[in-house]
Amino acid sequence: MKRVLTLLALLIVALLGALGWYVYSKQPTRQGQVELRDLQGSVTVRYDERGVPHIRAENETDLYRALGYVHAQDRLFQMEAMRRLARGELAEVLGPKLLDTDKLFRSLRIRERAASYVASLDKQSPAWKGLQAYLDGINQYQDSHAAPIEFDVLGIPKRPFTAEDSISVAGYMAYSFAAAFRTEPLLTFVRDQLGADYLNVFDLDWQGKGVLANDHNHAAPALAAGDWKDLNALARLSEQALIDNGLPQFEGSNAWVIAGNRSQSGKPLLAGDPHIRFSVPSVWYEAQLSAPGFELYGHHQALVPFAFLGHNMEFGWSLTMFQNDDLDLIAEKVNPNNPNQIWYRGQWADLLVSEQQIKVKGQAPVTLTLRQSPHGPIVNDALGAAAGKTPIAMWWAFLETPNPILEGFYQLNRADTLAKARTAAAKVQAPGLNLVYANAKGDIAWWASALLPKRPAGVRPEFILDGSTNQADKDGYYPFSANPQEENPPRGYIVSANFQPVSPTGMPIPGYYNLADRGQQLNRQLSDKSVKWSNEANQKLQLGTATGYGPRLLAPLLPVLRQVVSDPAQLKRVEQLAQWPGDYPLDSVSATLFNQFVYDLADAAMRDELGNEFFDTLLSTRVIDSALPRLAANADSPWWDNRSTPAKETRADSVRAAWQASLQHLKLTLGDDVEAWQWGAAHTLTHGHPLGQQKPLDRLFNVGPFAAPGSHEVPNNLSAKIGPAPWPVTYGPSTRRLVDFADPAHGLTINPVGQSGVPFDSHYDDQAEAYVEGIYVQAHFSEEEVTANTRSTLKLLPARGAR
């Protein structure tokens, strides 16, 4: 028995040892020396206490090759997953359940655009040479190291990364902005199937004077019942493709700059927190890059060598999403005698037909037939035989514009003057981005960067357009000077928070903009001339958990609630809601009750008209946010009547039903003790890894849950989808950055999870608790501080025998 137990113990030790060695073999190497081909000189990489690399090279090409190498050490699986999603290649490693996602992304034609884009690039430009060096660094790492754990689990074969992969990932980023996929089928359904009395709740008219300070006539394309089902299936697939894969999706953002005459230090301040779907690893990879004539502390995305966020001693910038509508869905008129012809500009035009093979794990490859009209690719071909009879084409700026975005960000990384930054901003054409900029000389600026198309007069691109008319035509593009922008405004600050901007020409710019409340909240505080701003004050702004949205929505409903609620205990809760300032701290009971009530009110009023599937789509769009306050304020809205009953319900009936449903659901979910219905118990943040979508792998790869303050459309925009409690947070600040240009070497930052994407690495989740608690850390910049905070040093040397 002793011998058996001894052998068993030895076996267990051996297995644990093997497992330990396996995990160790996957970890990044942050110490020692490594030889790389094609380095012209040695490169020093010093890692600080958060695992951020500080890279010093003798020239720019070596610098980007080293960045590729160290980025791959920490994020190789993220790079692989992003390119496979963008290029429609997930089913090859994840199996047939991802086939529909692959079909969708193939139908977007990102692969084809990436190929033509790369073919058109100037191969002698510094931007191209930097990209090639960066990709070579990634590939050298991949070729010389064990594959990540995720590669082993999923059976992912290694293959080189290419420039086409980088551009495809840029296409994925552009697509994730495109709210049109979810919104346009919904709005067209409401317009054509329910009517104008139902449509007006969505507040689609342009606000001529802006939100800080038209009629609905149409020629409707003929869509059948099968087409509506088809379009909603496409909308649901579009959303689900991004959710199910644990990959980042771009949602919103805050950024502002404050001039020196409004700051304590006398120099401009920069603040930014782009709002992106949470994931493990996080979207941004921090790195300090240093070479003769170039210095930048930047935040990088997978497969892109040039920082999308960054600063140095002279200048810095942040981004928010423009939210302009750069994607049109177009219903084509088919020739009844030839299903591969559509009516285009007065004659029948042939659809271009091609086929692609999609590899599927464990199954034979699937053939996907793709069609393209003169307007763009037919996107509902992704649904295969289930598609309706009407081809829906897609015009998308990412496919149609020159879009020298690679060159634009290369220049922005070096934009130490206002003129250079403006020139770089004009090169960002799709997706639309707000670039918010400041420099140590005292300049502050904002440019809404996009190439905006000229649509025919009167066309409303928020609806599906009729391809047999001129609705979908584009008569060129507006000049960049017509885009919304400001440079050094007299008020001394600029705020960007995804609200509707105003063009210098006054022209409407169609888009799916966020509610004004978040921007108005920031604007109210920044406009206080008695305040001299600092990084500390900006921290409070970024971490703010209140806007006027909740009280604004509740105001017309409170008299109704007082009429329909008779129980004294419940009336007490109504009065607490009446006093609620619209904030979301962890201990708020009113925030929990409000969030549940909003969902149940929408459910009582709108599900019966839309049906389950379109109602779920509505909850995933931005238009629901503007609709609910307008609905609450209109006692005569036709939405209040429940079509499934013979009686005609009123607003009071729906409010009563929603209130009772809310209380019942919260008791079932959070218990009978109302005081325990605290926001932090119901609103939690878990950072999900693609492998963590399956139990029990979630325990190994996901990070969380954490009780999360903030909410949808407050400055600390930790957002969950409108729905019943509990509310898992889906997106929020992907980093928080603060820079005072009186002391830019001591900028503040935080990563939502950690710098590394390698499971079991010490930097995999070492910032997660600090992030949710609102803690900031210092980004080391000066030579003295980098040296003092170096935890390990990696030397990259030219390979012996190489030229």
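The values are calculated or read from the model by the stated rules, or taken from the named source; none is laboratory data. Small disclaimer: the values here were computed from a predicted structure and weren't measured. As a convention, Cβ positions derive from the backbone with ideal geometry for all residues, glycine included, and neighbour counts pool all protein chains shown.
So the values come out like this:
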quantity: Residue in the range 485-497 that is of a type outside the set (Val, Ile, Thr), crowded, with 23+ Cβ neighbours inside 10 Å, at pLDDT 95 or above and not in a helix (DSSP H, G or I) present; calculated: yes
quantity: Matching residues in the range 456-474 - criterion: being in contact with a strand residue (DSSP E or B) (Cβ under 8 Å, 6 or more places away or on another chain) and either under 14 Å from residue 324 (Cα atoms) or in a loop (DSSP other than H, G, I, E, B) (or both); calculated: 459, 461, 464, 467, 468, 471, 472, 474
quantity: Residues (among the β-branched types (Val, Ile, Thr) and closer than 22 Å to residue 27 by Cβ) located in the range 725-772; calculated: 753, 758
quantity: Residue within the range 437-447 that is outside any strand (DSSP E or B) and of a type in the set (Ser, Thr, Tyr) present; calculated: no
quantity: Index of the failed condition, residue 143 passing every other in (1) of a type outside the set (Gly, Ala, Ser); (2) under 17 Å from residue 82 (Cα atoms); (3) part of a helix (DSSP H, G or I); (4) out of contact with any Leu (no Cβ under 9 Å at 6 or more places or on another chain); calculated: (2)
quantity: The range 196-247, residues that are within 30 Å of residue 484 (Cβ to Cβ), at pLDDT 75 or above and outside any loop (DSSP other than H, G, I, E, B); calculated: 196, 199, 200, 201, 202
quantity: Residues that are among the acidic types (Asp, Glu) and in contact with a Phe, Trp or Tyr (Cβ under 7 Å, 6 or more places away or on another chain), drawn from the range 40-92; calculated: 60, 74
quantity: Test result for residue 719, touching an Asp or Glu at 6+ places or on another chain (Cβ under 8 Å), among the small types (Gly, Ala, Ser) and either under 30 Å from residue 627 (Cβ atoms) or modelled with pLDDT under 95 (or both); calculated: yes
quantity: Selection count where residues are touching a Pro at 6+ places or on another chain (Cβ under 9 Å) and crowded, with 20+ Cβ neighbours inside 10 Å, scope the range 555-564; calculated: 0
quantity: Out of 634, 642, sole residue that is touching a helix residue (DSSP H, G or I) at 6+ places or on another chain (Cβ under 6 Å) and in the same structural domain as residue 563 (by TED's automatic domain parsing); calculated: 642
quantity: Residues that are over 27 Å from residue 701 (Cβ atoms) and either of a type in the set (Asp, Glu) or outside any helix (DSSP H, G or I) (or both), drawn from the range 94-140; calculated: 108, 109, 112, 121, 122, 123, 124, 125, 136
quantity: Of all residues making up the range 312-339, the number that are out of contact with any Pro (no Cβ under 6 Å at 6 or more places or on another chain) and in a strand (DSSP E or B); calculated: 14
quantity: Strands (runs of 3 or more DSSP E) enclosed by the range 715-758 - at least 3 residues per element that are of a type outside the set (A, V, I, L, M, F, W, C); calculated: 731-733
quantity: Meets criteria (outside any loop (DSSP other than H, G, I, E, B), surrounded by fewer than 16 Cβ atoms within 10 Å (Cβ to Cβ) and not aliphatic (A, V, I, L, M)) for residue 481; calculated: yes
quantity: Matching residues in the range 645-663 - criterion: being within 34 Å of the chain's Cα centre (by Cα) and either more than 20 Å from residue 615 (Cβ to Cβ) or outside the structural domain of residue 570 (by TED's automatic domain parsing) (or both); calculated: 663
quantity: Check on residue 514, in contact with a strand residue (DSSP E or B) (Cβ under 6 Å, 6 or more places away or on another chain), at positive phi, modelled with pLDDT under 95 and surrounded by 15 or more Cβ atoms within 10 Å (Cβ to Cβ); calculated: no
quantity: Test: residue in the range 166-174 that is surrounded by fewer than 20 Cβ atoms within 10 Å (Cβ to Cβ), farther than 17 Å from residue 605 by Cα and either of a type in the set (Asp, Glu) or at pLDDT 85 or above (or both); calculated: no
quantity: Qualifying residue in the range 760-768 (condition: in a helix (DSSP H, G or I), touching a Pro at 6+ places or on another chain (Cβ under 8 Å) and within 25 Å of residue 297 (Cα to Cα)); calculated: yes
quantity: Spans of strands (runs of 3 or more DSSP E) in the range 21-87 with at least 3 residues more than 30 Å from residue 175 (Cβ to Cβ) and among the hydroxyl-bearing types (Ser, Thr, Tyr); calculated: none
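Here is a yes/no grid of residues against (1) within 20 Å of the chain's Cα centre (by Cα); (2) farther than 20 Å from residue 258 by Cα:
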{"site": "406", "(1), (2)": "yes, yes"}
{"site": "409", "(1), (2)": "yes, yes"}
{"site": "422", "(1), (2)": "no, no"}
{"site": "440", "(1), (2)": "no, no"}
{"site": "443", "(1), (2)": "no, no"}
{"site": "447", "(1), (2)": "yes, no"}
